[in-house]
Amino acid sequence: MTFAFGIRSASRFFHNSKSTSLLHPLEFAGKCGGSNVRSKNCTTPSFNFHNYISTMANLKYLNQEEAVKIDQELFNEYRFSVDQLMELAGLSCSVAISKAYPLSDVAHPTILVVCGPGNNGGDGLVCARHLKLFGYQPTVFYPKRTKKELYENLVVQCQRMDIPFIDGLPDVTTINSTFGLCIDALFGFSFKPPIRPDFQEVVSKMQQMEVPLCSIDIPSGWDVEKGDTGIGLQPEMLVSLTAPKKCAMTFVGKHHYLGGRFVPPELEAKYSLNLPAYPGTEPCIKLPVLADQK
């Protein structure tokens with residue numbers, strides 16, 4: 001599924017920033033001599049505004065079956081390993097978070113990372129490690145650890161980076177006073193409601209938090225295609241991975257990014273993903289919040 005997106009829509013989600021990928025597209029072009037930026041006086045990477053708008057208008061939002069198939073083809077046909085994609089996904093999430101919530105702007109550099117038992121939780125562990133390298137102070141809550149070498153290694157890597165793990169999720173008041181941001185890495189696109197009983201209290205506390213919430217790929221508790229059915233989280237930020245899922249069309253937060261810059265061109269063409277061109281060497285790119293355009 002694609003969604004109409006025009007110049008007026010584009011102007012609403014770009015922000016002035018030292019990062020050229022976040023500039024208002026018209027301002028970006030104007031600073032560097034036109035819509036196709038290749039001026040000798042411009043220090044920013046090439047950016048074609050019209051191509052950007054065209055791409056966003058045709059960007060595909062995946063259903064659950066398509067998301068599963070693409071993942072399987074990456075593993076089986078293109079010979080990516082799980083840990084390889086997890087590293088790239090987690091890195092892109094950490095970079096996106098650092099753009100939306102730079103250290104200079106956050107009240108507390110402490111971040112609570114809530115990880116689930118699957119690949120989404122693994123993405124969260126990788127994200128936590130990179131955020132630590134960026135100067136943030138992550139703390140991980142990982143209640144249902146997966147007893148596989150890949151996940152055990154990710155835990156050790158975090159621990160050797162002096163990232164603390166907590167055995168229980170604090171009460172909401174403590175979370176609000178201690179952390180500046182919470183990362184939701186509980187459930188991925190394979191999730192189907194309802195929420196399992198052993199995660200209901202965790203989700204309930206996360207729903208009551210006042211600190212900004214960032215969800216990785218899918219807001220936990222959401223139906224991958226329909227969005228929130230009344231039991232899910234309401235994040236301020238969403239980082240879609242590989243390609244956005246249909247549920248992202250109902251996202252009403254402030255920041256929507258796309259990460260996971262690893263899709264081979266042949267696979268992109270097969271599924272007509274119409275992915276945007278990532279700027280420069282960036283592992284992520286900001287997307288419009290489509291719910292604002294309806």
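The values are calculated or read from the model by the stated rules, or taken from the named source; none is laboratory data. Nothing here was measured: the structure is a model prediction, and the numbers come from that model. For neighbour counting, all protein chains shown are included, and Cβ atoms are generated from backbone atoms with ideal geometry for every residue, glycine included. Side chains are part of the model used for accessible areas, which takes the heavy atoms of the whole protein and leaves out ligands, DNA and RNA. Shrake-Rupley method; radii C 1.70, N 1.55, O 1.52, S 1.80 Å.
Please compute the net charge surrounding PRO212, taking Lys and Arg as +1 and Asp and Glu as -1 over other residues with Cβ under 13 Å from its Cβ.
Counting the neighbours of PRO212, the net charge comes to -3.
Tell me the net charge near ALA100. Cut-off is 12 Å between Cβ atoms, ALA100 excluded, with +1 for each Lys or Arg and -1 for each Asp or Glu.
Charge balance near ALA100 sits at +1.
List, in the order given, every pair from LYS132/LYS245; LYS60/LYS144; LYS69/LYS192; LYS192/LYS270; LYS246/LYS270 whose Cα-Cα distance in the structure shown is over 24 Å.
Table pairs above 24 Å Cα-Cα are LYS132/LYS245; LYS60/LYS144; LYS192/LYS270.
By how many nm would the segment from MET161 to LYS192 lengthen if fully extended, with 0.36 nm per residue of separation less the alpha-carbon distance?
Roughly 7.8 nm would be gained on extension.
Can you tell me the length gained on complete extension of the stretch GLU73 to THR178, counting 0.36 nm per residue apart and subtracting the Cα distance?
Result: 33.6 nm gained on full extension.
Residue-wise, which Karplus ³J(HN,Hα) couplings in Hz belong to the range 135-148, taking 6.51 cos²θ - 1.76 cosθ + 1.60, θ = phi - 60°, and x for glycine or proline?
With the stated coefficients, the range 135-148 comes to x, 7, 10, x, 10, 10, 10, 9, x, 10, 6, 7, 8, 10 Hz.
How large is ³J(HN,Hα), in whole Hz, for each residue of the range 256-263 in order, when computed from phi with the Karplus curve 6.51 cos²θ - 1.76 cosθ + 1.60 and θ = phi - 60°, using x for Gly and Pro?
Result, ordered by residue: 10, 10, 10, x, x, 7, 9, 7 Hz.
Going by a ≥ b ≥ c, the root eigenvalues of the Cα gyration tensor, does the range 122-162 fall in the rounded group (a/c under 1.5), the prolate group (a/b larger than b/c) or the oblate group?
In terms of gyration-tensor shape, prolate.
So what's the gap between the Cα centers of the range 74-99 and the range 162-190, to the nearest angstrom?
22 Å
Whenever you get a sec, line up LYS69, LYS246 from highest to lowest accessible area (probe 1.4 Å, protein heavy atoms).
The ordering from most to least exposed comes out as LYS69, LYS246.
Around TYR271, what is the net charge, scoring Lys/Arg as +1 and Asp/Glu as -1 over all other residues with Cβ under 12 Å from its Cβ?
With Lys, Arg at +1 and Asp, Glu at -1, the net is -3.
So who's got an amide H within less than 5 Å of the one on ASP217, skipping anything under 5 residues away but keeping other chains? H placed 1.01 Å off N, in plane.
The answer is VAL239, SER240, LEU241.
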